[in-house]
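Notes for the one structure printed next.
Please treat every number below as a calculation from the coordinates, not as lab data. As the structure is a computational prediction, the values presented were derived from the model and not from experiment. Neighbour counts run over all protein chains shown; Cβ positions are idealised from the backbone, glycine included.
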Amino acid sequence: MGVRLTNVAKTFGSFHALRDVSMEIPTGSFAVFVGPSGCGKSTLLRMIAGLEETSGGEIVIDDRDVTAVEPAERQVAMVFQNYALYPHLSVFENMAFSLRLARRPKEEVNRRVQEAARILQLGEHLPKKPSQLSGGQRQRVAIGRAIVRQPKVFLFDEPLSNLDAELRVQMRLELTRLHRQLGATMIYVTHDQVEAMTLADLIFVLKGGVVQQAGAPLALYDDPDNRFVAGFIGSPSMNFLPTVIAAREGHRVTLQLEGSEHAFTADLSGQAAVGQAVEIGVRPEHFRIGGAGLPVQVEVAEELGDVSYLYARTASGREIVVQRQGSRDRLDGQTVQLSAEPRHVLVFDGEGRRLR
Ligand SMILES: Nc1ncnc2c1ncn2[C@@H]1O[C@H](COP(=O)(O)OP(=O)(O)OP(=O)(O)O)[C@@H](O)[C@H]1O
Ligand SMILES: [Mg+2]
């Protein structure tokens with residue numbers, strides 16, 4: 001196992017930053033911690049790095065309990081958002097720094113820095129100072145400093161958030177290539193669910209210091225455990241509507257919309273009582289337009305060429321986003337009817353738990 005956390009907790013005074021976090025990150029995988037600001041992502045990463053003490057639980061890296069081990073002895077390397085390069089040192093010396101500290105032989109320092117520079121295509125920049133580099137190049141130097149240490153685990157804390165949108169997309173691809181090339185375990189923190197979806201083999205969604213769900217990106221997208229994960233993963237977000245279970249026949253349930261005669265149907269195999277108030281969730285691309293269905297008024301239509309987004313409102317004033325593929329008929333100002341296949345209608349109870 002690359003990294004295993006068992007019942008890890010962190011308190012700052014009486015504040016619980018992390019509660020009972022348990023996870024297994026297989027060797028060689030790319031794990032992402034994602035969640036809103038303040039959910040405890042950085043704290044958890046810093047605990048794995050050893051920069052923050054644990055208040056409870058156990059951290060194991062490569063089958064060794066490191067809970068009480070010094071950061072330098074954990075064989076991890078961390079890359080920060082702000083690069084933290086030494087401005088007076090060249091790119092070469094920035095990357096060589098930790099190896100020089102460790103008094104590695106000159107020939108080895110040279111070999112490892114050249115190798116990292118080759119992987120990151122920084123060869124021609126080695127003599128430059130950080131101030132002579134672009135943001136993306138500086139971030140590559142910061143990653144290079146981690147690579148030369150040949151860590152068991154790479155830890156990234158929002159490394160791309162200082163870059164502009166285009167460069168972020170490019171660096172995202174480079175990180176995926178780097179991961180394939182090195183085959184090392186990587187743990188990456190971000191609040192951006194698109195970064196999480198595109199980079200990860202394994203995503204951990206956090207909220208309020210608690211892991212909400214762990215799984216492969218598309219497993220979280222298709223089969224969220226709760227309303228928070230359902231709403232957090234995916235852009236535009238899933239639509240939620242308050243309903244009541246009006247009827248049930250076997251697995252098929254009829255979900256009556258509040259204050260409306262319209263209903264959706266869904267399939268539930270577990271407990272769900274007629275009369276229970278639940279919320280339904282439908283992704284923007286899963287609404288069908290036309291036929292019988294929930295009438296909504298389209299307020300704005302964004303036509304992007306390949307897709308369009310309809311921003312609509314129900315009679316009771318709820319906002320609904322609908323995604324259409326390829327269609328170019330203008331629907332601004334019109335009333336359309338929305339329906340969805342039962343398998344695309346997810347159901348959540350009053351506490352936000354998914355009913356299946
Ligand atoms: N040294 C500290 N002392 C007290 N509270 C702290 C300390 N460090 C973090 N916290 C609190 O712990 C919680 C988690 O912080 P953390 O930095 O891990 O969040 P995050 O998920 O990384 O957020 P962001 O996306 O904003 O970086 C926050 O509420 C924060 O205020
Ligand atoms: Mg953070």
Original post:
At what distance in angstrom do the alpha carbon centres of segment 1-72 and segment 108-144 lie from each other?
Top reply: 30
Original post:
Of Leu160, Gln114, Ala84, which is farthest on the positive side of the dipole of the chain, counting Cα position, with +1 on Lys and Arg Cβ, -1 on Asp and Glu Cβ, and the Cα centre as origin?
Top reply: Gln114
Original post:
Over segment 271-336, how many percent of alpha carbon pairs lie in each 5 Å bin up to the one with the longest distance?
Top reply: 4, 16, 25, 24, 12, 9, 5, 4, 1
Original post:
How large is the charge dipole for the chain, taken about the Cα centre, if only the Cβ atoms of Lys, Arg (+1) and Asp, Glu (-1) carry charge, to the nearest 20 debye?
Top reply: 1160
Original post:
Gaussian network model of the chain, Cα springs within a sub-10 Å range: biggest mean-square fluctuation belongs to which of Tyr309, Tyr83, Tyr221?
Top reply: Tyr309
Original post:
Dimensions of segment 193-240 along principal axes (Cα, Å, largest first)?
Top reply: 27, 23, 16
**OP:** Name the residue, out of Arg100, Arg64, Arg46, whose mean-square fluctuation peaks in a Gaussian network model built on the chain with Cα pairs under 10 Å.
**Re:** Arg100
Original post:
From Cα coordinates alone, what are the radius of gyration and Dmax values for segment 131-274 in angstrom?
Top reply: 21.0, 69
**OP:** Please build a GNM for the chain, connecting alpha carbons under 10 Å apart, and tell me which residue among Phe232, Phe33, Phe287 fluctuates the most.
**Re:** Phe287
**OP:** Quick one: grab Rg to one decimal and Dmax as a whole number for segment 154-214, Cα atoms only, in Å.
**Re:** 12.0, 35
Original post:
In degrees from 0 to 90, rounded to the nearest 10, what is the angle of the helix 106-119 Cα long axis to the longest principal axis of the chain?
Top reply: 30
Original post:
Any idea what % of Cα-Cα pairs in segment 5-160 are farther than 26 Å?
Top reply: 34
**OP:** Sum -39500 (n - 2.57) across every DSSP H segment of at least 4 residues in the chain, then divide by the residue count to get the 222 nm mean residue ellipticity, nearest 500.
**Re:** -7000 deg cm²/dmol
Subject >> Tilt relative to the chain, helix 165-182 - C-alpha long axis, 0 to 90 degrees, to 10 >> reply: 60
Subject >> the chain: proportion of alpha-carbon pairs further apart than 30 angstrom, % >> reply: 49
**OP:** Over the alpha-carbon set of segment 239-355, divide Rg by the Kirkwood Rh and report the Rg/Rh ratio to two decimals.
**Re:** 0.99
